[in-house]
Amino acid sequence: MAREPRDRRDEKVDSEFVDRLVHINRVAKVVKGGRRFGFAALVVVGDQKGRVGFGHGKAREVPEAIRKATESAKRTLVRIPLKEGRTLHHDVLGRHGAGKVVLRAAPAGTGIIAGGPMRAVFETLGMQDVVAKSLGSSNPYNMVRATFDALKHEDSPRTVAARRSLKVSTLQARRGDADGASADA
């Protein structure tokens, strides 16, 4: 059995991921002869099936910074539970530094209603319906990190039921009883 060249195998692995460049920052270092420019890139990578990660890379040229950021993002992938593969199970808050985000589940057909850095995360995650609001910092690094903080707090009914040693049907039946009790009050 003949093996494929290494670069072709890597290409197949890379094809399953979608990457989005969120932000490029140019920084200058002042030296005796003038300025030396460097670039920092923020990239979000996902498989559009519930896995997403972000990475940061720095280099003297933009393409190299983007490559470093993409590799970093692939190392930090996390799996996020999605309801029906399109939205969140429940509303959730996230924060990082001064950046705060509110993510809300949305009915089918709503689309992605979110600002730039958060939109990149949701598109690479494969989420189709979500309403998100960014509060506080508009720094793209803080917004992406706050979005990931919120997504890490997302629980599916299956994980909640397992944590409470219940069946999912029992958990959802209790939820129905609670909704009925609050409607009577």
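The table that follows gives values for the structure above.
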{"quantity": "Charge tally in the Cβ shell below 15 Å around ARG79, where Lys, Arg are +1 and Asp, Glu are -1, ARG79 excluded", "calculated": "+3"}
{"quantity": "Those GluC sites (Glu not before Pro) in the range 21-93 that DSSP places in a loop and that have at most 12 other beta carbons within 10 Å", "calculated": "GLU61, GLU84"}
{"quantity": "DSSP-assigned coil residues among trypsin sites (Lys or Arg not before Pro) in the range 30-135, each with at most 11 further Cβ atoms within 10 Å", "calculated": "LYS32, ARG60"}
{"quantity": "Mean shadow area of the range 26-135, taken as a quarter of the surface of its Cα convex hull (nm²)", "calculated": "8.1 nm²"}
{"quantity": "With Cα atoms, 0 to 90° folded angle of helix 140-152 axis to the chain main axis", "calculated": "30 degrees"}
{"quantity": "Rg(Cα)/(2.2 N^0.38 Å) for the chain, N = residue count", "calculated": "1.28"}
{"quantity": "Accessible area of the range 28-105 belonging to carbon and sulfur atoms, whole % at 1.4 Å probe", "calculated": "52 percent"}
{"quantity": "Span from the the range 117-158 Cα centroid across to the the range 61-109 one, whole angstrom", "calculated": "4 Å"}
{"quantity": "For the range 52-185, size of Cβ-based charge dipole, Lys and Arg +1, Asp and Glu -1, in debye", "calculated": "480 debye"}
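The values are calculated or read from the model by the stated rules, or taken from the named source; none is laboratory data. What you see is a predicted model, and the numbers here were worked out from it, not measured in a lab. Cβ sites come from the backbone with ideal geometry, for glycine too, and all protein chains shown count toward neighbours. In case anyone asks, the SASA skips ligands and DNA or RNA and just uses the protein heavy atoms, side chains included. Shrake-Rupley method; radii C 1.70, N 1.55, O 1.52, S 1.80 Å.
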